[in-house]
Each structure stands twice: as C-alpha cells, then as structure tokens.
Amino acid sequence: MVKVRTAFSLILLTALAASAAVEPRNYYGHIGKDLGRKLPKLHVLQHKLDDEISRRAWTNLVTYYDFDHSVFLQGDLDKFAKRELKLDDEIKAGDISFGFDVHNLYVERLKERIDFATNLLMKAEWDFSTNESYRIKRKDAPWPKTRAEAEDHWRRRMKNEVLVAKIARELDAEKKEKGKGNKVKGEGVGVGVGVGVGVGVGVGGGTNAVEAVTNKPPATVEQDLVKKYRQYATVLIEPDEEAVLQHYLSALCRAYDPHTDYMSPDTKEDFDMEMSLSLCGVGAVLSMDDGALKIVEIMAGGPVDRDGRIKEGDKIVGVKQGDGEMEDVMWQPMKKSIRKIRGKKGTRVTLEIIPRSDVSGATRKRIELVRDELKLEDQAATGHVERVSMDGLTAQLGYVYLPTFYGTMDKKQNQEGFRSCSFDVLKHIADFNAQGVQGLVLDLRGNGGGSLAEAVRMSALFVQAGPVVQIRDVRACIALPIPPGGAIAFKKPVVVLIDRASASASEIVAGHLQDTGRAVVLGDSRSHGKGTVQTVLGLGPQQYGSCKITTARFYRIDGRSTQLEGIASDIHLPSLLDSLDVGEDKLTYSLPFSRILPADYDMSWNLNSYVPVLRERSVNRTSKDPRFVRHLENVRGMKEISEREFVSIEYAARKEQMRKDRELRELDDEENEDDDEETAAKKRRRKRNEPKKDDVVLNEAYKVLMDLIRMTGGESVPELKGWW
C-alpha cells in the first residue's frame with residue numbers, strides 16, 4: 001500500500017477573510033445599454049439582441065467563472081437559470097447586475113472550496129494504492145448537487161495534484177541521474193556554462209544554479225499547493241469592479257462570436273498591443289483560456305520565437321521577475337499578468353508553462369527569457385535552394401518560409417523603413433530563377449496572417465490575373481483583384497505547406513492558389529479557419545471603453561468561406577498540431593461556414609488535376625518510411641493524450657502513464673535535452689529558414705513536388721497575353 005501522510009507546521013492556515021460584495025459603478029448601466037444597441041446593428045450577423053443571445057451570454061459568463069464545473073452547486077445554477085432568457089431585456093434597460101451577482105456568489109463558493117482543499121492538504125493521509133480515478137475534463141460534467149459531491153471532487157483533485165507533483169519529481173530525478181551516466185566525466189565539458197552548479201544557465205536558463213547554492217529546504221508538494229490555491233483565491237476575491245464589468249460584457253459580446261469583445265478603458269493599452277499582433281517584451285499574442293494565458297501567436301523575431309521552446313497553444317500559469325519568486329497568474333486579470341511579463345529591454349523574465357498537449361496540467365516547464373524588441377530581420381521571409389534526388393531524378397527546389405504577412409502601408413520601395421513580404425519573396429524567386437529552380441515549396445506553417453494587401457501581392461507572384469479574395473460586410477461584397485499589368489514571377493510548380501496555425505492571410509493565399517489550380521496544398525487536415533474581420537469602435541466617453549466587433553467575412557473566389565473550415569489540404573501530412581484542440585472550430589459560438597456566389601475567375605493552371613495520383617504515391621511512400629510511420633504514431637499518441645478525460649490516481653499506473661506521456665511531449669520540443677547547454681542554445685537559435693533535418697513533413701513535401709515536376713514534364717504555368 002502506498003500511503004503518504006502530510007503534516008507541516010510552517011504554514012498556518014486561517015479561513016479566508018470575508019470581503020464585501022463588489023457593486024457596479026453608477027454609469028456601468030449606460031455602457032451596457034449602448035453596447036446592447038450597437039451589437040445588433042454593426043455585427044456582421046445582424047442578429048438582434050434576443051433570448052438566444054441572452055442564453056449564450058448566460059452560458060459564457062457562468063462557464064467563464066466555473067469552466068470545470070467545480071465551484072458552483074447545481075442549486076446555484078438553478079438560481080441563475082431564472083434570468084437565463086432575461087439578460088437581453090436587462091441590458092436594454094441598462095441593468096448589468098447579473099454579472100456582479102454571479103461574481104459575488106462565485107467568490108463565496110470559492111472560499112468554501114479553497115478552505116476545504118487547503119485544510120485537506122494539511123491533514124490528509126493519501127492512499128495511492130487504491131484503484132481510483134480523477135476526471136480532468138469537466139466542461140461537460142454536471143455541477144455537483146451537494147456540498148459533499150463538490151468536496152469529493154476537490155479531494156480527488158488534491159490527491160491528483162499531490163500524486164502528479166511527487167511522480168514528476170521522481171521522474172526528474174531519474175532523468176537527471178540517467179543524464180549523469182551518459183555524460184563524459186571531467187571539467188572540460190560545457191565551457192562557459194559554469195562550474196558544477198551552472199546547469200540551466202544561459203539561453204533559457206532557470207533557477208537551478210541559485211537553488212544549488214542555497215541552504216533553504218525545498219518546499220513540500222503540499223506546501224506548494226497550499227500557496228498556489230491561496231494566491232488563486234486572493235486574486236479572484238480582490239475587488240475590481242471594472243474587471244467584473246469586463247467579464248460580463250465580454251460574455252455578452254462573445255455570444256455573437258468569439259472575436260467580438262468588450263474592452264474596458266484600463267486594458268486599452270494591452271488590447272492595442274494584441275490588435276497590432278505584438279506583446280512588448282517577449283513577442284507573443286495572448287488570450288485568456290480557462291484561467292491561464294494561452295499563447296495564441298508567436299511573433300517572428302521575438303524572444304519567444306528565438307528561444308524556440310514555447311509553442312502556440314502553451315499556457316502561461318506563472319511569471320517570475322529576474323531573481324524574484326514565481327508568481328501564480330491563474331485567473332488574474334489579463335492586464336495585470338501582461339504587465340508582469342512586459343518589462344525593460346535586457347531584463348529577465350521566467351514563464352511557467354503548461355505544454356499545449358497536456359490537458360491535465362500535470363507538466364510544468366520554467367523557461368527564462370530576456371526581454372527584447374522584435375528583430376525585424378527574423379520576421380522577414382527566408383529562402384534557400386534544396387538539391388533533391390528521387391527515383392533517378394535530381395532537381396533544384398526552392399524553399400521559402402514566410403512567418404507573417406508583413407508590409408508598411410505609408411512607405412514606398414526606395415524609402416527608409418519600407419518592408420514588404422511579397423517584395424522579399426520576389427527577391428528569393430529571382431535568385432531561384434537564376435539557379436534554374438524547377439519547383440517551389442511555400443511554407444506557411446505557423447503563419448497567423450497579417451496584411452491583406454500583401455496577401456494579394458503574394459498571390460500575384462504566381463497568378464497573372466483575376467480576383468484573389470472576396471470580402472462581404474453588412475452592405476456589400478467586393479473582390480480584391482491582382483493589380484493589372486504584371487507578369488508571373490515564378491512559373492514552375494508550387495506546393496504550399498499549411499498547419500492548424502496558418503490563419504487569415506495565409507488562408508487567403510493558400511485558398512487562392514488552390515482554387516486557381518496553381519498550387520497543391522499539403523499539411524494538416526485543414527488550416528485554422530479564421531475568416532472574419534474585426535473593427536474597434538468607441539462606446540462614448542473614454543471611461544466607457546471600446547468594443548471590437550466582427551464586421552465582415554472573407555470568402556474564397558469559388559464562393560466558399562474560409563471561416564471555420566479553413567483550407568483543406570490536398571494531401572494530408574499531419575503535424576503534432578493536427579492532433580490538438582487548435583482552430584476556429586474549437587472556439588465557442590464561432591460563426592458558421594457559409595457560401596456566396598463565386599467570383600468571375602479563370603483557372604491559372606491544372607495542378608489540382610494531379611492530386612489523386614500525387615496523394616496515392618505519397619501514401620505509398622510514407623507508409624514505407626519508418627520515420628514517417630513513427631511520426632504518425634506520435635501524432636496519434638498526442639491525440640490520445642489531448643482527448644483523455646479520466647486519469648488514474650493509483651501510483652504505479654499513473655507513473656507509467658506519465659513516463660510515456662513525457663516521451664511523447666519531448667517530441668514537441670525542438671531541442672535535444674541530452675545535449676549540453678551550449679549546443680541546446682544553438683539549436684534554439686537556429687534560423688527558421690534552416691528546417692530540422694528530421695522535419696518529415698517538409699521532406700515529404702519535397703518528394704511530392706518532385707512527383708509534380710515529373711508529371712508536368714517540366715512545363716511552366718501558361719502566361720496570358722494582352723489580358724489587360
């Protein structure tokens with residue numbers, strides 16, 4: 001029997017002090033009323049503020065506070081339900097009290113749960129030998145009917161967290177011991193890393209060196225958890241009228257779609273940074289997700305991008321300034337957490353990360369970054385020529401990686417500060433043409449979009465004429481065409497690589513080249529699926545804040561929306577991202593897929609006619625490639641982890657599961673953790689135009705392109721004459 005008795009006297013726990021209920025300010029009703037008037041008129045759906053919107057807003061707010069159904073009781077929900085279909089009428093009348101009623105009751109219930117949990121951590125005798133399970137996915141679980149049911153869930157939750165932390169420490173120790181056995185003995189290894197205690201120092205270094213020279217005993221698992229939950233409660237209970245208003249009006253806005261949002265005045269600066277797709281300090285776009293800060297997009301050239309260990313979809317749950325203590329940021333207002341992450345250039349910040357594949361939150365990584373400005377040269381398109389041989393054919397292939405669709409709107413080509421991704425790609429294409437390149441891989445993986453004008457210009461490098469994309473708002477539908485008079489820059493076959501993080505402008509270009517038969521699209525089952533346009537509008541006086549409203553939608557030239565369905569790949573070459581809950585279709589109340597009339601366009605080439613044969617050859621080839629077979633097994637393994645609903649809290653079973661999960665998750669990291677620190681740092685700093693040698697998706701893309709070159713017989717895209 002595996003039992004652990006927890007007892008410690010260093011932490012004295014007292015019941016959380018009662019706090020006064022948070023009340024709305026006298027002008028908040030005017031904000032709600034104004035928002036209620038503008039949403040139905042300006043949103044692209046033109047949906048009136050009615051019972052359906054009321055029901056969605058009710059659901060959004062309740063699940064925002066209690067996303068895993070672990071704090072409220074069913075009786076609380078029954079009480080709230082009396083107003084489920086009345087919120088539309090209340091908003092029209094300037095009554096925003098429901099948001100404050102939900103907040104205040106949540107605080108009351110949270111005090112009860114935290115007191116129970118921390119008291120349990122003080123005195124519980126954990127028995128990890130019993131065959132017991134814990135439900136880690138509770139979004140669809142019923143709310144507990146009684147306090148006893150709620151406390152049973154929290155008992156399992158604490159037991160799970162204690163077990164996970166203890167096993168994680170054991171696995172860390174085992175890995176460290178194994179690493180010592182694999183290292184060459186001697187002081188000459190790792191020059192510049194430090195003497196003995198320097199493990200983790202350097203790029204991304206953590207606190208290991210500091211901890212190694214201090215005499216402070218490490219905190220127990222239970223002490224760490226008590227501290228975590230006390231901080232968690234303190235953050236949520238702290239009165240903040242504006243934050244409560246933000247939660248409620250955002251719940252109302254997101255009843256229309258997940259990208260429509262209310263912005264309080266105090267958070268305007270932070271949301272302006274989000275709209276410009278940058279976060280000062282580390283280079284990431286963040287959003288709130290189940291209480292944590294989710295990495296929505298990584299900005300090319302920023303500290304996060306250059307370090308390489310943090311991925312889109314990872315969640316930030318802790319922040320440490322320099323040599324200070326790690327602060328829990330779960331459920332903190334976004335503006336407060338962002339201000340902790342931001343800082344002066346050259347200063348250090350450590351982020352505690354839950355990897356995107358770990359739905360249980362069992363895995364935590366601490367990654368130190370040095371705050372810096374975005375490096376413009378690292379955002380630029382990069383490219384090189386790859387010499388590929390296959391089945392007796394050798395060819396020069398071009399490769400272009402485009403991290404974002406960047407471009408300056410107020411400068412011309414010869415002016416200082418001019419930037420254009422289409423111009424940069426054109427320079428690479430000119431070099432490719434000079435070297436006799438016979439095909440091109442355009443890599444849009446991880447490209448979250450950017451300038452619409454640059455997307456149109458990018459398509460013009462490969463297609464001579466016609467519309468690129470259609471945009472429809474509440475008044476009209478327009479098609480954006482390729483500028484007249486140009487010539488095709490690259491005439492040979494093209495394949496486009498996408499993944500579930502390719503969004504917006506990436507989807508416009510990939511969809512246009514696919515629809516015109518100009519390119520074959522490879523990668524994840526489909527791209528992200530964001531086909532909407534947002535506009536920011538003020539709500540009156542400055543203290544009223546602003547609203548970001550979805551006002552238009554993108555459509556492909558064949559009439560299909562890019563919304564929700566994204567761009568489906570012609571040949572499925574999945575990444576690990578394809579197995580995770582990433583994409584517009586995973587968001588609540590996303591706008592549906594729709595169609596309009598197709599634009600007037602002609603096919604540019606017929607490359608899509610080769611897709612059936614290309615797909616068959618690719619399947620036959622990858623099924624015999626041991627590396628690709630292993631890659632597919634890893635994708636399936638990651639999918640199983642992400643879809644797991646229950647976990648065992650029996651010691652032996654859970655340790656074996658965590659060991660296997662770790663092995664899979666390490667495949668999602670670019671660096672080889674067995675390398676010395678200097679080598680690992682170099683790998684993390686590798687330029688994005690130097691793909692990993694084991695990038696099996698890119699390697700197969702080259703082979704598909706080789707097949708396409710052979711099947712087209714070396715032909716070029718036919719160029720129109722005199723069409724303008």
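Observations
- Of all accessible heavy-atom area on region 515-638, the percent that carbon and sulfur account for (1.4 Å): 51 percent
- Long pairs among Lys228/Lys294; Lys530/Lys639; Lys159/Lys294; Lys315/Lys411; Lys145/Lys655; Lys139/Lys639, criterion Cα-Cα beyond 30 Å: Lys315/Lys411; Lys145/Lys655
- Relative packing of peptides 423-435, 494-506 - highest average C-beta neighbours within 10 Å first: 494-506, 423-435
- Peptide ranges 654-666, 165-177 listed from the most packed, as the mean C-beta count within 10 angstrom indicates: 654-666, 165-177
- Nearest-0.05 FRET efficiency for Ala434 and Gln413, computed from C-beta distance (R0 22 Å): 0.60
- Packing, taken as the mean count of other beta carbons within 10 Å per residue, orders the peptides 20-29, 590-599 from highest to lowest as 590-599, 20-29.
- Close amide H partners of Val468, meaning residues 5 or more places away or on another chain with modelled amide H under 5 Å apart, are Leu480, Ile482.
- Projected label points at Lys92 and Lys79, each 7 Å from Cα along the beta carbon direction, are separated by 2.8 nanometres.
- Extension gain, Gln543 back to Arg387 (0.36 nm per residue minus Cα-Cα distance, nm): 50.1 nm
- Per residue, region 363-493 exposes 45 Å² of solvent-accessible protein surface, assessed with a 1.4 angstrom probe and all protein chains in place.
- Region 509-583, accessible area per residue, ligands and nucleic acids excluded (1.4 Å, Å²): 25 Å²
- Note on Glu177 and Glu52: the extension gain reaches 39.2 nm, defined as 0.36 nm multiplied by sequence separation minus the Cα-Cα distance.
- Euclidean distance of C-alpha centroids, region 564-609 and region 408-482, integer Å: 19 Å
- Inter-label distance, nm, simple model (7 Å from Cα along the C-beta direction), Ser525/Lys41: 4.2 nm
The values are calculated or read from the model by the stated rules, or taken from the named source; none is laboratory data. On a predicted model such as this, the values are computed, not experimentally measured, just so you know. Every residue, glycine among them, receives a Cβ derived from its backbone with ideal geometry; neighbour counts consider all protein chains shown. Calculation scope for accessible area: heavy atoms of the full protein, side chains included, ligands and nucleic acids excluded. Shrake-Rupley method; radii C 1.70, N 1.55, O 1.52, S 1.80 Å.
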